[in-house]
1. Hydropathy at least 0.0 by Kyte-Doolittle, axial extent at least 24 angstrom from the Cα trace: which helices of the chain, defined as entire DSSP H runs, fit?
2. Which listed residue (Gln172, Val75, Val134) has the Cα farthest towards the positive end of the charge dipole for the chain, taking +1 on Lys and Arg C-beta and -1 on Asp and Glu C-beta about the Cα centre?
3. Taking the Cα centre as origin and putting +1 on Lys and Arg beta-carbons and -1 on Asp and Glu beta-carbons, what dipole magnitude results for the chain, to the nearest 20 debye?
4. Only one of the listed values, (i) 51, 39, 23; (ii) 52, 31, 31; (iii) 86, 36, 26, was derived from the coordinates as Cα extents along the principal axes in Å; which label is it?
5. With every protein chain in place, what's the accessible area of Ser82 (1.4 Å probe, Å², nearest 10)?
6. Only Cα pairs under 8 Å and at least 6 apart count here; give the relative contact order of the chain as a rounded whole percent.
7. For the pair Leu24/Gln76, report the inter-label distance in nm, with labels modelled 7 Å from Cα in the Cβ direction.
8. What is the extension gain from Lys151 to Ser117, computed as 0.36 nm multiplied by their sequence separation minus the C-alpha to C-alpha distance, in nm to one decimal?
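The values are calculated or read from the model by the stated rules, or taken from the named source; none is laboratory data. Not measured: the values here are computed from a predicted model. FYI the Cβ positions are ideal-geometry reconstructions off the backbone, even for glycines, and counts take in every protein chain you see. Side chains included, ligands, DNA and RNA excluded: accessible areas come from the protein's heavy atoms. Shrake-Rupley method; radii C 1.70, N 1.55, O 1.52, S 1.80 Å.
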Amino acid sequence: MICEATLHVPLSSAYALPLAICLLSALAVAATWRGPIAEGTSIRSRHIVLGASLALVLTVSAGLIYQARSAHITVQGDTLTSSALFVSTTIPLSAIQFDDAVDASTLALPRRKLGTSTGSVQLGRFETETGREVFALRAGAASLRIPVHGKADLVLDRPLYEEIRACLAARQAPLQDEGEQG
């Protein structure tokens, strides 16, 4: 049985700031477009600059939204894979100490190694203030830190953690039933 859980990121609150920055950038480019043409500047070059700027803004916006929507955890066999678009980690289930999870709602992740950190959303590899590496998939205040032997700890949104734990419990139930019948 494969367990899959997706991080639920509210677009309205988590990505409002980056999308607003992209929109303001697009408006600034459009405003310069309407300004006077410098001597020696062709209309064609203005079209190229405008098109390239708008393409960049749209690409960044789409990338942020896609990354937020693709963050997930998959448990297959005896491994857990935590993924956020271009960064992922695979951990043996035996190394994860689910029962030792602690509240990480106030845990600061000041150093981003590879990933995205926007407002309350943190996806990817980070370091804590103590230098411990963590792999974070969190999009709100309620999160848990799960210790992992020999690898980066996991910092997960509480609903994501609970969904994975429930699926792992459901996976174990058929195995226990077979053992009792045998």
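1. Qualifying helices, which must be both long enough and hydrophobic enough, are 16-34, 43-70.
2. Toward the positive end, the furthest listed residue is Val134.
3. So the magnitude is around 1120 debye.
4. Here Cα extents along the principal axes in Å agrees with entry (iii).
5. 0
6. For the chain, the relative contact order is 21 percent.
7. The modelled label-to-label distance comes out at 4.3 nm.
8. 10.1 nm
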